[in-house]
Amino acid sequence: MKIQNVVFICFLALYACKIQPDATYQPTQNDYQVGEKWVWKYKGVTTAGEVRSDGKDTRMIVRMSDGLGMTIGNDTIALTEIVKPDESETPKYDWPLEVGKKWKYESSWTSQDGTTGKQSQDAEVLSYQEETVEAGTFMAYTIKYAGKTTNSRGYISDEEEIWLYAPAVKTFIKLTQNQGDFHYVEELIEYSVPD
């Protein structure tokens, strides 16, 4: 009976190691391959029911004259730029990712009409577990961002975002955002790699 208990405890320990990595590092160029493709659907709706965004976003790894690139809309961005480490003191992802990690995320922007804005959020990795989206089931980190968005026109809004980041696909598989009276969801509906 004691041997069975030891075997059972060893099995549980091995299973826990399988589902809980020590840490996940930022993908590198070598992690991608030509033809790899991601498709997300997204929809943003106000509490009054007004649809402000509704569509699909497709990205694919392609060969460029000087290496690999990723198509994003009508643009193709060199993969070296996409995997370049974020040197910011307040990055979107603070690599390596691990459950319990906390950091501050801040971002500044300028829109086409000249409006400037800032996003300031506290981030925390809450869990690493199986998550199911339309594209399938993946092991994913749940990262919660909570804070404020402000802009030069006097807009101030509390916001909360939940990002599900799946190391196997090297990106997020779902984003749920609540910002003032606006609710936005983006979900991976297709992921494929060439045979």
Carbon/sulfur accessible area of the chain, % of total, 1.4 Å probe, equals 52 percent
Quick one: accessible area per residue over the stretch 66-155, 1.4 Å probe, rounded to a whole number of Å²?
57 Å²
Hypothetical label at residue 144: residues of the stretch 71-107 whose amide nitrogen lies under 12 Å (7 Å Cα-Cβ projection):
100
Applying the Karplus parametrisation 6.51 cos²θ - 1.76 cosθ + 1.60 with θ = phi - 60° to the phi angles of the stretch 112-120, what ³J(HN,Hα) value in whole Hz is obtained for each residue in order, glycine and proline being reported as x?
4, 8, x, 5, 9, x, 9, 10, 9
Express in whole angstrom the spacing between the alpha-carbon centres of the stretch 157-184 and the stretch 92-140.
7 Å
For the stretch 155-160, in order, what is each residue's ³J(HN,Hα) by Karplus, 6.51 cos²θ - 1.76 cosθ + 1.60 with θ = phi - 60°, in whole Hz (x at glycine and Pro)?
6, 9, 8, 6, 8, 9
Relative contact order in percent for the chain (Cα pairs under 8 Å, 6+ apart) equals 20 percent
Residue by residue, what Karplus-based ³J(HN,Hα) values in Hz, rounded to whole numbers, does the stretch 71-83 have, using 6.51, -1.76 and 1.60 with θ = phi - 60° and x for Gly and Pro?
6, 9, x, 8, 9, 10, 9, 4, 4, 4, 6, 5, 9
List the aspartates and glutamates whose Cα lies under 12 Å from the Cα of residue 102, skipping any in the same chain that are fewer than 8 positions away.
94, 122, 124
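The values are calculated or read from the model by the stated rules, or taken from the named source; none is laboratory data. Values in this document were obtained by computation on a predicted structure and should not be read as measured data. No Cβ is skipped: glycine too gets one built from the backbone with ideal geometry, and neighbour counts run over all protein chains shown. With ligands, DNA and RNA removed, areas are computed over all heavy atoms of the protein, side chains included. Shrake-Rupley method; radii C 1.70, N 1.55, O 1.52, S 1.80 Å.
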